[in-house]
Each structure stands twice: as structure tokens, then as C-alpha cells.
Amino acid sequence: MTASATGTLGHARDKLAGVLLIALSASAFGAMAIFARFAYAAGADVYGLLAVRFLLAAIAMGFVMRARGISLPPWRRVLALAAMGGIGYVSQSYCFFTALNYAQASLVALLLYLYPLFVTILAAVFLKEHLTTSTVIALVLCSVGAGLTVGGGEGSSLGIALGVAAAVIYSIYIVVGARVTAGVNAIATTTVICTAAALVYVTLGLLRAGAGVPPQFPASAGGWLALVAIALVSTVLAILTFFAGLQRLGASKASMLSTLEPVVTVVLAAVLLGEHIGPTQAVGGGLILAGVLWLTRRASGTPPLKGSDERN
């Protein structure tokens with residue numbers, strides 16, 4: 001085998017590895033809503049769940065940083081990242097995980113995936129990015145898809161509002177994060193943001209305990225297993241495999257493959273939670289994913305879907 005053929009084969013294997021890594025990342029992120037439902041069923045509330053999730057994730061990411069010899073950025077940047085975690089990330093995750101108590105996991109996951117639509121709108125309004133014909137088509141697809149998804153899904157108006165709020169907050173988080181995280185190692189970014197979120201939720205838990213309403217934790221081993229899975233599988237593993245796949249594929253292809261995430265959530269919700277996916281919701285979800293794929297294919301510089309992205 002010639003050197004050229006060997007190089008071509010090695011390149012193909014590297015790309016295949018990238019595809020598999022992004023698929024694993026999307027599946028891990030997609031399973032998070034399902035794990036949350038099992039933790040809630042075992043007696044956990046949103047405060048207990050998120051405090052444990054971020055605390056375990058921060059500790060695990062700290063070990064990853066140490067193992068890879070990654071240093072923290074300058075303290076001014078650390079404080080900016082901590083603000084992202086303590087305000088933006090906390091708000092977004094609270095809306096997402098609370099929405100799961102009031103709406104189908106599949107519906108909440110599909111609503112969250114409206115965030116590329118909101119990012120595009122925010123970029124046009126605040127960053128003066130030009131809206132092309134292709135972008136407008138994608139926005140229309142996402143908008144119509146959202147209407148059909150909400151109409152075909154099962155959930156209260158509060159659950160739907162929280163799901164949309166999670167997408168809006170995450171969009172702002174991405175736009176702000178594009179500037180704040182520039183030039184900072186992604187693993188260090190994730191560690192600081194998770195640590196800040198953990199500090200906020202642990203503090204809230206202590207304050208609530210002092211007020212006589214302590215956070216609730218799972219009452220069974222299965223519930224704790226689901227909670228640990230949220231932290232280690234749907235946060236740490238999902239983030240690390242995304243970054244590994246991102247290095248092999250680039251942002252655009254990685255972003256497109258990440259649209260597997262809500263598909264995984266919808267399938268798992270149907271299989272494990274018995275959620276019914278009606279034809280209207282299926283069409284709506286398909287239109288949202290089509291719009292997202294259109295945006296990522298046409299964008300000249302697609303923002304990473306999980307770059308500083310700790311998603312929920």
C-alpha cells in the first residue's frame with residue numbers, strides 16, 4: 001500500500017471516528033431528559049438534581065483538567081466564565097429541567113432545539129449579521145415546526161413556556177459566550193462554568209434548607225443512578241466526546257450531526273416513558289430539525305452547538 005493510500009485510509013478512519021464520537025455525544029445529551037424523569041420519579045426535585053449534577057460534573061472535569069495539564073485562564077476571564085455559569089447556565093438549566101415536570105420530555109427537547117433559530121435572530125439584531133434567503137427559509141421551517149410541535153405535544157402552557165425560555169436563554173448564552181470564551185481552552189471553560197453553577201445550586205439548596213424547604217434527592221438506588229448518569233454520562237462524557245469529534249470533523253459537520261440529540265430524546269421517551277408521538281408532533285419536530293440542518297449547512301461560520309455548551 002502506497003503512502004498516499006495509507007494516508008487516505010487514515011483520514012477516512014479519523015472522520016469515521018469523529019462521526020461516532022459526535023453520535024455518542026448527541027445520544028448522551030439526548031438521554032439527559034429521560035434520566036431526569038427517572039430521578040424525579042424517585043423523589044428528586046430540580047434543586048437537588050441540579051446541585052448534584054453540577055457538583056459531580058465540576059469535580060470530574062477538574063480531574064480531566066489535571067490529567068491533561070490544562071491551566072485556568074487569567075482571573076478576569078475566570079470571573080466572566082463564572083458569571084456565564086452562575087447566571088446564564090443556571091437559568092437555562094433550571095427552565096429546562098423544570099419544564100420536564102410540566103410537559104413531555106420529547107416536547108421539551110424539540111422546543112430547546114429552537115435555539116439556532118433564536119441565535120440567528122439575535123445575531124441579525126445585535127451583531128448586524130445579514131439574513132440571507134437560505135436563512136429566512138430555515139427560520140420559516142423552524143417557526144412552522146415549533147407551532148406544529150407545540151400543538152401536537154402534551155404539556156401545560158407553563159411547561160411549553162419554560163421549554164421556549166430555555167431555548168431563548170441558551171441562545172443569549174451562546175451569543176455572549178462566543179466573545180467570553182474566545183481563546184480559552186474548552187475543557188477549562190466547561191470546568192469553570194460547571195463549578196460556578198454548582199456553587200449557585202448548592203447555595204440555593206442551603207438557603208432553602210434553612211427556610212424549611214430543603215432540596216429533595218432520590219429515595220432509591222435507581223434514582224441516584226439516574227442522577228449520577230446525568231452528571232457523568234449526559235454532561236462529562238457528552239462534552240468530552242463532542243470536543244473530540246469536533247477536532248476531527250470541524251464545527252459545521254459536528255453541528256449537523258448533533259441534530260441527532262432531540263431524535264434520541266424522542267425515541268427514548270417513546271420507548272422508556274411511553275410518551276405518544278402523534279403525527280402532528282412528528283411533522284413539527286421534523287421541520288425543526290430540517291431548519292436546523294439548513295442553517296448549519298448554509299452558515300459560513302456555524303457556532304458550535306456544545307462549544308462552551310453545557311447544553312442544559
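Coordinate-derived values only; no laboratory data. Since this is a predicted model, take the numbers as computed values, not measurements. Here the Cβ positions follow ideal geometry from the backbone for every residue, glycine too, while neighbour counts run over all protein chains shown.
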> Considering the Cα trace of the stretch 73-138, what is its radius of gyration and what is Dmax, both in angstroms?
Replying inline: 15.9, 43
> What is the P(r) of the stretch 12-160, as percent of Cα-Cα pairs per 5 Å bin from 0?
Replying inline: 2, 7, 11, 14, 17, 17, 16, 10, 5, 1
>> Taking 41 Å as R0, compute the FRET efficiency from the Cβ-Cβ separation of Leu206 and Ala270 and round it to 0.05.
In response: 0.60
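Hey, what did the chain get for relative contact order, percent, Cα under 8 Å, at least 6 apart? Don't skip to the answer; put the middle values down first.
Details: 488 pairs, mean separation 128.3, N = 312.
Worked out over the chain, it gives 41 percent.
Ranking Ile239, Ile59, Ile160 by Cβ neighbours within 10 Å, fewest first, what do you get?
Working: Ile239 29, Ile59 15, Ile160 20.
Lowest to highest Cβ neighbour count: Ile59, Ile160, Ile239.
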> Taking every eigenvalue of the Cα gyration tensor of the stretch 56-97, multiplying by 5 and rooting it, what semi-axes result, largest first, whole Å?
Replying inline: 22, 16, 5
>> Let me see the P(r) profile for the chain: every Cα-Cα distance counted, bins of 20 Å, each bin given as a percent of all pairs.
In response: 33, 59, 8, 0
> By how many nm would the segment from Glu129 to Val283 lengthen if fully extended, with 0.36 nm per residue of separation less the alpha-carbon distance?
Replying inline: 52.5 nm
> Of the residues Arg248, Arg37, Arg76, which exhibits the maximal mean-square fluctuation in a Gaussian network model of the chain defined by a 10 Å Cα contact cut-off?
Replying inline: Arg76
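Work out which helices of the chain, taken as complete DSSP H runs, extend at least 27 Å along their axis over the Cα atoms and score a mean Kyte-Doolittle of 1.0 or more, then list them. Show your work: numbers first, answer last.
Details: long enough: 3-30 (40 Å, 0.81); 46-68 (32 Å, 1.53); 133-152 (28 Å, 1.68); 157-180 (34 Å, 1.90); 186-210 (36 Å, 1.60); 279-298 (28 Å, 0.69).
Helices meeting the criterion: 46-68, 133-152, 157-180, 186-210.
Based on Cβ point charges of +1 for Lys and Arg and -1 for Asp and Glu, what charge dipole magnitude is obtained for the chain about its Cα centre, in debye rounded to the nearest 20? Write out the running numbers ahead of the final one.
On the way: 17 positive and 8 negative charges, 164 e Å.
Result for the chain is approximately 780 debye, rounded to the nearest 20.
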